[in-house]
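A.B. asks: Before anything else, here's the structure in question.
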Amino acid sequence: MKILLANPRGFCAGVNMAIESLDLTLREFGAPVYVYHEIVHNKYVVESFKAKGAVFVETLEEVPPGSVLLFSAHGVSPEIRRVAKERNLNAIDATCPLVTKVHLEALKYAREGYKIFLIGHEGHDEVIGTMGEAPEVMILVESEEDVDKLEVDPESKLAYLTQTTLSVDDANRIIKRLRQRFPNLVNPPKEDICYATQNRQEAVRLISSRADLCLVLGSQNSSNSQRLRELAAESGIDAHLIDGKQDIDKAWFEGVENVLITAGASAPETVVEECVDWICEAYDAEVEPVVIRQENVHFPLPKPLRQLSKPKG
């Protein structure tokens, strides 16, 4: 058996920045540090931070006034920022800069009098935060069917934005349908789906033709991980999204010669390594790294943390 180990995979620059931010905040301020929503959508990452003293909350009412609070990589709405200020919370913003870009685009289009279609998944933390920037002019669109149901004056000023972790193919289908209905539709000069999402999807698309089975490391609530599993399945191979080696089912490997392994942008490399080791031991497999493209993206830490990250001396 051969393991085709996709590269790029795993942590993106935004996830690295958010995780480093929470590590530094815990080190500097001590536990508890409150985090609004999961820092990233990964069970292992969240559990490891809980053990260090991070407290993940769904409402700011759960955070005692004056506490240290971290905003997760997925971003928050202006209303959440207002409540944090009202409660005198020491808020540190670890929003991914690529998500911030979409927020700023929403504000720009709203100021210019546009009605905005946001292509994304209802209930996702990122979508909730982005919609909160201009709720009165934003309409969530999840599918081509949603586009067909839209009741909007085609002569009005219309723009679209996208969640950063969507399937590129799905987003393009929805955008095509929107343009068919609304030919005057405008969009930002640079697309919103992030580089890491696109790169990981490209790797799965190119490598899956060589594989009989695909294992995607990532949690069920991770949008970009779900898209990787769907993409592999669309290529005609058996594909599973798993948190770690404990989720592997030996029945998947019957008649399998080549296993594609990748990881969503919030999945730690340690869980990838554990799965690779498990398969190598169970099936005497050899590993073939398959590099599709190099990634060298780095995002700066939030301003309050930048000095803390510098070596003392």
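Each reported figure results from applying straightforward, stated rules to the coordinates on display, with no laboratory input. Note that the structure is a prediction, hence the values are computed from the model and not measured. Here the Cβ is made from the backbone with ideal geometry for all residues, glycine too, and neighbour counts use every protein chain on show.
A.B. asks: Based on the Cβ-Cβ distance from ASN221 to ASP284, what FRET efficiency comes out when R0 is 35 Å, to the nearest 0.05? Write out the running numbers ahead of the final one.
C.D. replies: Details: r = 34 Å, r/R0 = 0.98.
Rounded to the nearest 0.05, the efficiency is 0.50.
A.B. asks: Using the Cα atoms as the points, what is the convex hull volume per residue of region 89-140 in Å³? If you can, show how the numbers build up before the last one.
C.D. replies: Working: hull volume 4.8 nm³, N = 52.
So the per-residue hull volume is 93 Å³.
A.B. asks: Output ³J(HN,Hα) for region 239-244: one whole-Hz value per residue in order, computed from phi by the Karplus curve 6.51 cos²θ - 1.76 cosθ + 1.60 with θ = phi - 60°, and x for Gly and Pro.
C.D. replies: Once rounded to whole Hz, the list reads 9, 9, 9, 10, 7, x.
A.B. asks: For region 128-142 and region 71-89, what is the separation of their C-alpha centers, rounded to whole Å?
C.D. replies: Taking the Cα centre of region 71-89 as reference, the centre of region 128-142 is 17 Å away.
A.B. asks: Hey, could you pull the Cα Rg and Dmax for region 165-264, both in Å?
C.D. replies: Just the Cα atoms of region 165-264 yield Rg and Dmax of 15.8, 52 Å.
A.B. asks: For the chain, what's the radius of gyration and Dmax over Cα atoms, in angstrom?
C.D. replies: Considering the chain through its Cα atoms, Rg and Dmax are 20.7, 63 Å.
A.B. asks: Just subtract the alpha-carbon distance of SER143 and SER156 from 0.36 nm times their residue separation and send over the number in nm, one decimal. Could the numbers behind the result be given before it?
C.D. replies: Values: separation 13, 0.36 × 13 = 4.68 nm, distance 2.15 nm.
Net length gain for the segment: 2.5 nm.
A.B. asks: Could you tell me how many cubic angstrom of Cα convex hull volume region 218-313 has per residue?
C.D. replies: Working: hull volume 16.5 nm³, N = 96.
Once divided by residue count, the hull of region 218-313 is 172 Å³.
A.B. asks: For LEU70, enumerate residues with amide H under 5 Å from its amide H, sequence gap 5+ or separate chain, H modeled in the peptide plane.
C.D. replies: Correct list: TYR34, VAL35, TYR36, ILE92.
A.B. asks: Right, something else. For region 91-100, in order, what is each residue's ³J(HN,Hα) by Karplus, 6.51 cos²θ - 1.76 cosθ + 1.60 with θ = phi - 60°, in whole Hz (x at glycine and Pro)?
C.D. replies: 3J(HN,Hα) across region 91-100, in whole Hz: 8, 10, 9, 9, 4, 4, x, 6, 6, 4.
A.B. asks: List the GluC sites (Glu not before Pro) within region 198-287 that fall in a DSSP loop (any state other than H, G, I, E or B) and whose Cβ has at most 15 other Cβ atoms within 10 Å.
C.D. replies: Values: sites: GLU202, GLU230, GLU234, GLU254, GLU257, GLU269, GLU273, GLU274, GLU281, GLU286; in loops: GLU254, GLU257.
Answer by residue number: GLU254, GLU257.
A.B. asks: In whole Hz and in residue order, list the ³J(HN,Hα) couplings for region 193-198 that follow from phi through the Karplus curve 6.51 cos²θ - 1.76 cosθ + 1.60, θ = phi - 60°; x for Gly and Pro.
C.D. replies: Running phi through 6.51 cos²θ - 1.76 cosθ + 1.60 with θ = phi - 60° gives 5, 6, 4, 5, 4, 5 Hz.
A.B. asks: Under unit Cβ charges (Lys, Arg +1; Asp, Glu -1), what dipole magnitude, rounded to 20 debye, does the chain have relative to its Cα centre? Intermediate values should be presented prior to the final figure.
C.D. replies: Numbers: 34 positive and 49 negative charges, 285 e Å.
Dipole about the Cα centre, nearest 20: 1360 debye.
A.B. asks: On to the next question. Starting from the Cα of LYS245, draw a straight line to each of the lysines and keep only those under 25 Å, dropping any in the same chain fewer than 8 residues away.
C.D. replies: Partners found: LYS2, LYS43, LYS50, LYS52.
A.B. asks: Run the helix sum for the chain: -39,500 (n - 2.57) per DSSP H stretch of 4+ residues, divided by residue count, reported at 222 nm to the nearest 500 deg cm²/dmol. Walk me through the numbers before you get to the answer.
C.D. replies: Values: 11 runs with 122 residues, N = 313.
It comes out at -12000 deg cm²/dmol, rounded to the nearest 500.
A.B. asks: Can you list the equivalent-ellipsoid semi-axes of region 98-181, largest first and in whole Å, using the square root of 5 times each Cα gyration tensor eigenvalue?
C.D. replies: 18, 17, 11
A.B. asks: Restricting attention to region 123-174, which GluC sites (Glu not before Pro) occupy a DSSP loop and are surrounded by at most 11 other Cβ atoms within 10 Å?
C.D. replies: On the way: sites: GLU126, GLU133, GLU136, GLU142, GLU144, GLU145, GLU151, GLU155; in loops: GLU133, GLU136, GLU142, GLU151, GLU155.
Passing sites in region 123-174 are GLU136, GLU151, GLU155.
A.B. asks: When all alpha-carbon pairs of region 6-129 are counted, what percent fall beyond 19 Å? Please list the in-between numbers first.
C.D. replies: On the way: 3827 of 7626 pairs.
Tail of the P(r) past 19 Å holds 50 percent of the pairs.
A.B. asks: Another question, if that's okay. Give the longest segment of the chain that steers clear of trypsin sites (Lys or Arg not before Pro) in DSSP loops with at most 15 neighbouring Cβ atoms within 10 Å, not counting the sites themselves. It would help to have the intermediate numbers written out before the result.
C.D. replies: Numbers: sites that count: LYS157, LYS190, ARG293, LYS312.
Excluding the exposed sites themselves, the longest stretch runs over 1-156.
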